[in-house]
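Notes follow the structure.
The values are calculated or read from the model by the stated rules, or taken from the named source; none is laboratory data. Everything quoted here is computed from the prediction, not taken from an experiment. Neighbour counts run over all protein chains shown; Cβ positions are idealised from the backbone, glycine included.
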Amino acid sequence: MGTSEGLTNAAGYAYRTYAPGSREWHFYRQRISLSTLEVTQSLRKRFLENRPMQMTMREAVDYYNDIVDESDPDMDQEPQITHAIQCAIGAKDSGLPEWAIAIGFIHDVGKLLVKLGLSQPFVVGDEWPVGCAPAKQIVCSQFFSENPDVKHPVYGSKMGIYEEGCGLENVVITFGHDEYLWRVLTDAVKDGGSSFPPEALHPIRYHSAYVVHTAGQYDYLLSERDRQWMPILHKFRDHIDLYTKRGETAGIESHLPEIWQVVDKYIRPDYKLSW
């Protein structure tokens, strides 16, 4: 299980350091050693370009609710809906607009990739840029010695396949539920089924990239928009996602009616998203 060492926020909470031999330690060994640029690109093609399943957001929330996240020692005894509600509640004090309540509630729904047959090391856990040298601040970074990309003359270099200031939107991030749900919602916006503004989808896409928004690495890849929107990621982290996991859970589902009211403002309740 996770220890109390690692990345800390202003409140002093720490995560992302795991004991050798623990479930999470083995999980990250797989995630890091297998997440090459080639594998990541193949997963993006497989799961982003072909999404035949049609579900409303309510159906999708029900569908993913019983998944146990192997990378997360803090919520493995709780259904996914518990953390989702905690995040929505935390959003009220985040200083972000009302859409943060909806985004907080649905931000992990992309984990349903597990039920589409994708193994968890490609679905959950921290994320980082691929196609360039890994930062040592990435969780369990010792396992990069087992990833062949670090020995590649381009992929193992600081800039890799990128140009300075290219922007996160042009960077290939390890595949997972973040990128997947971002694509699902982006397509829904284009189709008229959702009204989320672009900045609301930013934390959907990058909330697991702790090495970027918490450790401050890969700064040289950020665009001006990335820098402007960084406070959104910080507020999402501190008030909505990572540090809401220690709250009281008894009776928490009583908040669901008001949360769904907000979600319905930004995603039509009858709209079938493509998964």
Criterion: touching a Phe, Trp or Tyr at 6+ places or on another chain (Cβ under 7 Å), within 24 Å of Pro197 (Cα to Cα) and crowded, with 24+ Cβ neighbours inside 10 Å - qualifying residue of Ala60, Ala102: Ala102
Pair list, Cβ < 8 Å and 6+ apart or interchain, from the stretch 259-275 residues that are farther than 16 Å from Trp99 by Cβ and touching a residue at least 40 places away in the same chain (Cβ under 8 Å) to residues that are assigned to a strand (DSSP E or B) and among the aliphatic types (A, V, I, L, M): Lys272/Met55; Leu273/Met55; Leu273/Ile267; Trp275/Met55
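Determine if the stretch 104-113 includes at least one residue that is in a helix (DSSP H, G or I), in contact with a helix residue (DSSP H, G or I) (Cβ under 8 Å, 6 or more places away or on another chain) and among the β-branched types (Val, Ile, Thr). Lay out the reasoning, then the answer.
We begin by selecting, within the stretch 104-113, every residue in a helix (DSSP H, G or I); these are 104-106, 109-113.
Within this subset, residues satisfying the condition of being in contact with a helix residue (DSSP H, G or I) (Cβ under 8 Å, 6 or more places away or on another chain) are 104-106, 109-113.
In the following step, the residues that additionally are among the β-branched types (Val, Ile, Thr) were identified as 106, 109.
Taking every residue of the stretch 104-113 in turn, at least one turns out to be in a helix (DSSP H, G or I), in contact with a helix residue (DSSP H, G or I) (Cβ under 8 Å, 6 or more places away or on another chain) and among the β-branched types (Val, Ile, Thr).
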Number of the exception - Ser42 against (1) assigned to a helix (DSSP H, G or I); (2) surrounded by 20 or more Cβ atoms within 10 Å (Cβ to Cβ); (3) not hydrophobic (A, V, I, L, M, F, W, C): (2)
Any hit, the stretch 86-95, residues being in a loop (DSSP other than H, G, I, E, B), surrounded by fewer than 23 Cβ atoms within 10 Å (Cβ to Cβ), at positive phi and not hydrophobic (A, V, I, L, M, F, W, C): yes
Test result for Asp178, surrounded by fewer than 17 Cβ atoms within 10 Å (Cβ to Cβ) and either closer than 20 Å to Ser42 by Cα or not aliphatic (A, V, I, L, M) (or both): no
Selection count, the stretch 53-73, where residues are among the polar types (S, T, N, Q) and either under 16 Å from His177 (Cβ atoms) or modelled with pLDDT under 90 (or both): 2
Members of the stretch 94-123 found to be among the hydrophobic types (A, V, I, L, M, F, W, C) and within 16 Å of Pro79 (Cβ to Cβ), listed by number: Phe105, Ile106, Val109, Leu112, Val114
Hits in the stretch 139-174 - residues which are of a type in the set (S, T, N, Q) and buried (at least 17 other Cβ atoms within 10 Å of the Cβ): Asn147, Thr174
Hits in the stretch 135-153 (condition: touching a residue at least 60 places away in the same chain (Cβ under 8 Å) and over 17 Å from Tyr18 (Cβ atoms)): Ala135, Asn147, Pro148, Asp149
Residue match in the stretch 188-200 (condition: surrounded by 21 or more Cβ atoms within 10 Å (Cβ to Cβ), over 15 Å from Gly125 (Cα atoms) and within 18 Å of the chain's Cα centre (by Cα)): yes
Test: residue in the stretch 136-153 that is part of a loop (DSSP other than H, G, I, E, B), over 18 Å from Asp264 (Cα atoms) and in contact with an Asp or Glu (Cβ under 8 Å, 6 or more places away or on another chain): yes
